[in-house]
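Visitor: The structure follows.
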């Protein structure tokens with residue numbers, strides 16, 4: 001298209017839900033000169049099951065100019081310190097994948113390397129690896145507080161957290177914020193995508209009542225339907241079902257029970273896994289499974305029989321295909337959310353991948369010439385992020401000692417991507433782990449907790465042989481003791497949430513340390 005030096009003035013977001021309104025909120029916050037229209041239809045439901053997040057969500061809230069206390073109040077949110085995985089290593093076992101730092105280093109040896117050395121040289125001298133993480137220890141005690149930066153030597157200074165929230169309420173909240181900034185919402189169902197006959201660029205979308213919405217840039221947030229990037233532009237889809245067998249989910253809310261846990265629970269089932277996400281007003285539950293190995297009725301029966309409280313609705317079915325759109329950005333259409341690909345919510349990455357799509361769009365926001373270099377860079381980064389998360393999720397399935405069930409026998413013995421095998425080999429040989437670049441989402445601490453938590457056999461770092469065994473054991477014992485003391489002093493998570501002000505503006509006389517630590521946490 002001509003006019004490469006002209007700025008994009010009109011953006012049309014196709015589809016609402018979490019992806020659409022997250023996009024609208026950021027663009028309206030930072031590009032006030034751009035006219036943003038969002039088209040969505042009440043007739044078309046949203047998936048709306050992504051209720052858990054990772055700590056990066058706090059960066060999104062800051063970028064979008066969102067008051068976190070108001071968000072917590074409006075979306076019935078609770079806090080999340082990590083994920084408890086039940087039965088993933090073997091039946092009857094569990095571990096916590098906690099956010100943030102684990103203990104502290106000795107020389108350049110990380111706590112997990114010291115733990116491996118102590119376990120190898122002095123069996124019985126170390127406890128569960130959960131106890132060396134402040135997030136893990138606090139989770140097991142159902143406790144939470146904001147990080148306290150005033151004492152940098154305390155484990156509380158390093159506490160990382162995210163949120164559990166009602167995804168439908170989150171989208172509604174962002175809609176209100178976006179419309180207040182000038183975003184126009186159009187109710188209607190798209191029946192035609194109009195394209196330039198020469199370039200193939202999308203010029204407008206036509207609604208059932210005959211209205212047309214024109215724009216320079218279109219953002220496809222239409223979910224798995226992908227009506228712009230897939231149907232109109234014909235961008236293909238890469239299926240990853242040879243590694244990720246699950247292709248369906250059933251979601252159902254149930255009544256709340258005490259305590260209100262500051263973590264998600266993911267429990268293995270015969271043909272997949274079940275999530276449990278505590279909110280202020282209910283618990284979100286779901287069964288992610290392979291439809292080839294269990295019927296929908298049997299999956300529903302399993303889900304309903306394992307709820308902590310009475311169900312508040314019938315199970316809501318969701319069909320999906322794990323994989324990636326071969327291009328996230330084609331011509332003048334950027335796909336964000338499920339239209340760009342799908343990875344099951346095992347590590348709560350669905351909303352994060354929406355967030356990174358928005359970040360990239362802002363960083364590479366085009367002129368009307370739509371530079372091929374910008375588009376190629378967006379697509380390169382999008383692929384890296386999806387494949388990075390994919391490998392981490394595959395590892396959860398592959399590193400298991402479960403036997404006797406078709407689903408788990410397959411994933412335990414399947415061939416995995418070379419990129420994942422390389423990580424395995426390095427960690428197996430010496431307990432060493434290195435990120436391959438700043439763009440990797442999951443830090444060493446995340447990989448280590450999952451691998452060790454599921455029973456991956458690794459040797460200690462050879463350098464640990466230079467440190468006396470009693471010194472390592474004593475060092476780890478001190479870490480666990482300090483972390484336990486700090487966790488014990490934190491308030492109950494449910495009580496903490498109930499005491500929060502409903503907005504920063506109302507926090508005139510907050511509970512001691514809350515507002516100071518909230519400001520520090522979002523700085």
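Visitor: Within the stretch 254-273, which residues are within 20 Å of the chain's Cα centre (by Cα) and surrounded by fewer than 22 Cβ atoms within 10 Å (Cβ to Cβ)?
Guide: The answer is 265, 267.
Visitor: May I ask you to say which residue of 225, 185, 211, 189 is closer than 30 Å to residue 297 by Cβ, assigned by TED's automatic domain parsing to the domain that holds residue 69 and touching a residue at least 24 places away in the same chain (Cβ under 8 Å)?
Guide: On inspection, the qualifying residue turns out to be 225.
Visitor: I would also like to ask the following. Of all residues being touching a helix residue (DSSP H, G or I) at 6+ places or on another chain (Cβ under 6 Å) and either over 27 Å from residue 102 (Cα atoms) or not assigned by TED's automatic domain parsing to the domain that holds residue 170 (or both) in the stretch 64-75, which is surrounded by the fewest Cβ atoms within 10 Å (Cβ to Cβ)? Just the residue, please.
Guide: That would be 65.
Visitor: Shifting gears a bit: Go through the stretch 349-372 and count every residue that is surrounded by fewer than 23 Cβ atoms within 10 Å (Cβ to Cβ) and not in a helix (DSSP H, G or I).
Guide: Here the count works out to 8.
Visitor: Would you check which residues across the stretch 447-459 are surrounded by fewer than 21 Cβ atoms within 10 Å (Cβ to Cβ) and closer than 12 Å to residue 85 by Cβ and list them?
Guide: Correct list: 455 only.
Visitor: Next question, about the same structure. Report, by residue number, each residue of the stretch 297-325 that is under 9 Å from residue 249 (Cα atoms) and exposed (fewer than 14 other Cβ atoms within 10 Å of the Cβ).
Guide: 317, 319
Visitor: Select from the stretch 379-390 the residues that are surrounded by 21 or more Cβ atoms within 10 Å (Cβ to Cβ), in contact with a helix residue (DSSP H, G or I) (Cβ under 8 Å, 6 or more places away or on another chain) and under 14 Å from residue 419 (Cα atoms) and list them in ascending order.
Guide: Selection gives 385, 386, 389.
One line per residue, one yes/no per condition, for (1) farther than 18 Å from residue 138 by Cα; (2) modelled with pLDDT under 95; (3) part of a loop (DSSP other than H, G, I, E, B):
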residue: 470; (1), (2), (3): yes, no, no
residue: 475; (1), (2), (3): yes, no, no
residue: 479; (1), (2), (3): no, no, no
residue: 510; (1), (2), (3): yes, yes, yes
residue: 516; (1), (2), (3): yes, yes, no
residue: 523; (1), (2), (3): yes, yes, yes
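Visitor: Continuing with this model, one more query. Filter the stretch 219-244 for residues that are buried (at least 24 other Cβ atoms within 10 Å of the Cβ) and farther than 25 Å from residue 40 by Cα and give the result.
Guide: If the condition is that a residue be buried (at least 24 other Cβ atoms within 10 Å of the Cβ) and farther than 25 Å from residue 40 by Cα, then no residue fits.
Visitor: Against the definition (farther than 22 Å from residue 211 by Cβ, out of contact with any helix residue (DSSP H, G or I) (no Cβ under 9 Å at 6 or more places or on another chain) and either at pLDDT below 95 or not assigned by TED's automatic domain parsing to the domain that holds residue 348 (or both)), how does residue 3 come out, yes or no?
Guide: For residue 3, the condition - farther than 22 Å from residue 211 by Cβ, out of contact with any helix residue (DSSP H, G or I) (no Cβ under 9 Å at 6 or more places or on another chain) and either at pLDDT below 95 or not assigned by TED's automatic domain parsing to the domain that holds residue 348 (or both) - is met.
The values are calculated or read from the model by the stated rules, or taken from the named source; none is laboratory data. For clarity, every value in this text was computed on a predicted model and none was experimentally measured. Because the Cβ atoms are built from the backbone with ideal geometry, glycine has one as well, and the counts that use them run over all protein chains shown.
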